[in-house]
Amino acid sequence: MYKPLSAAAVLAVLALGAPPQETAHLKIATSVTPETTKAGGTVALAVDVTPKPGMHVYAPGQDGYIAISVKIDPQPAFSTTGKPKYPEPEKVVMPAINETQLVYDKPFRITQDITVAKPGSGPLTVKGSIHYQACNDKICFLPTTIPVTWTINPAR
């Protein structure tokens, strides 16, 4: 049975960033910390990734496989600061191919700092994408690219 969200629950979801997205393999949600900034301020863009049961994605550094990656579309309103930060992956033995691989099979967060040049008078929407190839213990699925957004509000 459908149960409507309370006003507090709706506000809590809005504070996290864009609505979560779901694919056949993952759930993806974005957020910004802090949610407001002024010109010259730095914010951290976050992508929370939750692999579905039995799924994993490859971590950066795993040779021979397509690792999950974050791409932020350039805009004059901001500049990226450094590279995306990924958590430590798990080393998992894949019996089907008798290899140890670097994967994420539990919820994890990727962050990327940006410096806002001109936040402007209204919200700044940062666009990007997540690219990954999900696998289970029997098959690897086709690589997928999911568009994502983050919203940064100007400081008052």
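How high is the relative contact order of the stretch 24-154, in percent, counting Cα pairs under 8 Å that sit 6 or more residues apart?
Computed over the stretch 24-154, the figure is 33 percent.
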Here FRET efficiency (C-beta to C-beta, Asn153 to Lys106, R₀ 30 Å, nearest 0.05) is 0.45
Largest fluctuation, Pro53, Pro95, Pro19 only, Gaussian network model of the chain with Cα springs under 10 angstrom, belongs to Pro95
Out of Thr30, Leu124, Val148 - ranked by how far each Cα lies towards the positive end of the dipole of the chain, with unit charges on the beta-carbon of charged residues - the top one is Leu124
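Exceeding 21 Å between C-alpha atoms, which entries from my cross-link table qualify? They are Lys38/Lys127; Lys71/Lys91; Lys85/Lys138.
On the way: Lys38/Lys127 19 Å; Lys71/Lys91 25 Å; Lys85/Lys138 29 Å.
Result: Lys71/Lys91; Lys85/Lys138 exceed 21 Å.
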Once Val92 and Ala44 are pulled to full extension, the length gained, defined as 0.36 nm per residue separation minus their Cα-Cα distance, is 14.3 nm
Reduced to Cα centres, the span from the stretch 47-92 to the stretch 105-128 in Å works out to 14 Å
Taking Cα atoms, the helix 7-16 axis meets the longest principal axis of the chain at an angle in degrees (rounded to 10) of 70 degrees
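Quick note: the coordinates plus some simple rules give every number you see, no bench work behind them. Only a predicted model underlies this, so the values are computations on that prediction, with no experimental measurement involved. Positions of Cβ are generated from backbone atoms using ideal geometry, with glycine treated the same way; all protein chains shown enter the neighbour counts.
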